[in-house]
Every structure is written in C-alpha cells, then in structure tokens.
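What follows is a short report on a single structure.
The values are calculated or read from the model by the stated rules, or taken from the named source; none is laboratory data. All of these numbers come straight from a predicted model, not from anything done at the bench. Don't worry about glycine lacking a Cβ; one is built from the backbone with ideal geometry, like all the others, and counts go over all protein chains shown.
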Amino acid sequence: MLRTRTPELSEPQALALTRYHRSLARTLALSAAALVMVVIPVYQLQELLLLGMPDLWRAHVGWRSLPMIIAVVVLAWCSWHRDGYGAPLLLRLLALSVMAMIFGLFAVNWIADSNDIDRMTRGVIICTFAVTLFSLKGARELVVFFAAPFVVLLVFLQVSGHSVLAAIATLFDPLMMFIIAAIASEVLYRTWMAAFLANQQLAEHAATDSLTGLSNRRHIEPQLAGETARARRHQATFSVLMADLDHFKRVNDRYGHDAGDEVLREVARRLREMLRTEDRPARWGGEEFLVLLTDTELDQAEIVAEKLRAGIADTPIEVNGHSIDMTISIGVAQHQGEDDPLDLIRRADQALYRAKDEGRNRVCADPR
C-alpha cells in the first residue's frame, strides 16, 4: 500500500494549505451529507415496500439513524461556518459513521441468518467506494474508516459465538475493494496535493520579486488597498515607508551589476530581519522599497524608519571582497482617511524626496 507523505511546506504554504483543506472539507462534507440524506431513506423505504423485512427493518432504522443524525449536524454546521472551520473533523465523523452503519447492518443480517447477506456485502463495497471520495488524507484515513468498524464487527462476532472466518470469507470481495480503494484514495490525495503546490508556486512567483524575495509591486498594491479599506471601516490607521538607496548607480558603475544585485538582496534581508512579522516589505521598483506598517501611527513609523536607516548605514555590505558603504533615505506617511492608497504613497514619496534634498541618509515624515 502506498504511504502518504505530506511534502515539506513553508509557513505561508502551510497556512494556505490549511485554508484550502478547510474549504475542500466543507464542500465534500456538504456533498456527502446531502447524499446521505437522500440515499439512506431510499434504501430504508425500499426494504419496507419492496422486500418486506418487518423483523429487521427496525434494527436497520437504528443503524441508519447514526449517519443521518451526523449528516444533519454537518449540514447545519457547514452552512453556519462558511470558512470551513470544523469541517474536516465532521467529514471524517460522517465517513466513519457510514462505514459503521454498513458493518452494523451486515452484523444484524449475519446474526439473523438473513437471506439478504449478499445485498449487505454489496453495500459494504458501495460504501467503501463512496467514503474513498471523502478521504482528505488518502489511504491512511480510509484505513481508519474501514478498519475500525471492521475490527469491531469481528470482535463482536467472536464474542457472540459466530464464525469469524466465515464472515471474513463472505466479506472477501469488500476486502479486495478496500485495497483498491486505498490505492485510489492515495492517488487522489497526491494528485490534488501536487495541483495545490503547483498553484502555490505559480502564485508565489507572481507575487514575489525574483531578486530580493520580497513582495513585488503587483502583490503589495492589493494589500495596500485592503489595508486602506480596513482602516476606514474600523477607524484604524497604518503607515507607509518609501525608501530609496542613496547613490546606488555608483555601486553598479564601480562594482558591476552583479554586485548591485547582491546589495539589493542584502538590503532586503536586513529589512526582513528588522521588521515585525506583521509588517510587509516590498520591492517597489529598482532600488526603491516600500514597507507597509499595520496599526502604526506616524511617530511609531518614524522610529521604525530610523531603525531601518541605521541598520543599512551602520554596517557595510560585503560583496566579492569589497566592503560597500550603503545608505538609505526614507519617507514616512500615515494614513489620514484617504480612499485611494496611491494618495498616501504620493505623500510618502514627497517625504522621501525631501530626505534626498536635505542630504540623504535620513528619515523625513509627511507633516500632515
């Protein structure tokens, strides 16, 4: 049997996978619950109207009530929690209850020496196939869904004095179906995981500056718009830093563009190291960087900007045996209720130009 192994994920990928996992689980849980609510009553009515099973019919109602009750809970919970919170657990409970139901029905008919054993055996196959489609973690989950109620069935038959070997022989086809289903569920799991990782890589490449590893302009602009909307909605605030390396052209002219690229990478590394986790640095273009400081007022933003300025200026950057002294000028602006984040960026840019005009290697704040 194939072994499930989750690939090593970065923290952003792990968070994205959790969100995707919840969303997928919610969709599957709603689908599975609706299927249970439709199919199980049909089988129960079929037995009553067409097969005539007055003795076992009530016992069947009891076993079939278990997934029906859980299906109702799933529908209510997932309709309320649209973010998928709790959906993976409920999906697993529903899958387990379906397998418990069918093995319970098999036990009832086996003990009663019913003529309907063949139909119950086919039911095990059908349920195993259905549960395969709802196994979020592939084979390892399906093993639990199938093996747990199956082992309980065997223990029950043994304790009650019935032949375990005869029951296993009768369930030979479902056991073979389980092996096939386990392989299929593993293939499905690995397929959607590979598709998820491929989409994540595409998204990261589209959102990340390939040289520095920071967010690029295309990625940070929607975040600025979202932060602007959040600030207006909740009467909150945030600040923006616009930073530009001083005399960067001289580095390229003297040491070459490869050295210039190394300088940009090192500056990006220092920015990430000195900022909070919730702050969002980005390469705005060329040697210019933007930093989005959430929940930060102007005076606090100036302190952060000064920390970044000193972190760049105080330690030379070592590139190919050369010690390059690098400084940075930074303009600071606080959100003042603008609808358009570009207005805020223009004010930060104006503060940056003033820092350049006043001699570079300094922080200037927008006066508003």
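Hey, can you tell me all the residues within segment 290-301 that are over 26 Å from Thr208 (Cα atoms) and either crowded, with 19+ Cβ neighbours inside 10 Å or touching a residue at least 40 places away in the same chain (Cβ under 8 Å) (or both)? Give the steps one after another, and end with the answer.
First, pick out the residues of segment 290-301 that are over 26 Å from Thr208 (Cα atoms): 297-300.
Glu297, Leu298, Gln300 - these are the residues of segment 290-301 that are over 26 Å from Thr208 (Cα atoms) and either crowded, with 19+ Cβ neighbours inside 10 Å or touching a residue at least 40 places away in the same chain (Cβ under 8 Å) (or both).
I'd like to check something: does segment 242-256 contain any residue that is in a helix (DSSP H, G or I) and either within 38 Å of the chain's Cα centre (by Cα) or outside the structural domain of Arg347 (by TED's automatic domain parsing) (or both)? Quick ask: steps written out before the conclusion?
Step one: of segment 242-256, the residues in a helix (DSSP H, G or I) are 248-255.
After this cut, where a residue has to be either within 38 Å of the chain's Cα centre (by Cα) or outside the structural domain of Arg347 (by TED's automatic domain parsing) (or both) as well, the list is none.
Within segment 242-256 (the criterion being in a helix (DSSP H, G or I) and either within 38 Å of the chain's Cα centre (by Cα) or outside the structural domain of Arg347 (by TED's automatic domain parsing) (or both)), the answer is no, since none of the residues qualifies.
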* Could you grab the pairs with beta carbons closer than 6 Å, sequence gap of 6+ or different chains, first residue in segment 125-141 and of a type in the set (D, E, K, R), second one crowded, with 23+ Cβ neighbours inside 10 Å? => Glu141/Ser135
* Of residues in segment 194-222 being more than 19 Å from the chain's Cα centre (by Cα) and either assigned to a helix (DSSP H, G or I) or of a type in the set (Lys, Arg) (or both), the one nearest to Phe134 (Cα to Cα) -> Pro222
* Structure fact -> Flagged pairs (Cβ under 6 angstrom, 6 or more apart or on separate chains; first in segment 23-47, free of Cβ contacts under 8 Å to residues at least 40 places away in the same chain; second among the small types (Gly, Ala, Ser)) are Met37/Ala71
* Within segment 76-193, helices (runs of 4 or more DSSP H) holding 1 or more residues that are among the acidic types (Asp, Glu) and within 22 Å of Thr27 (Cβ to Cβ) -> 139-159
* In segment 185-218, which residues are buried (at least 18 other Cβ atoms within 10 Å of the Cβ) and of a type outside the set (Phe, Trp, Tyr)? -> Ser185, Glu186, Met193, Asp209, Thr212, Leu214, Ser215, Asn216
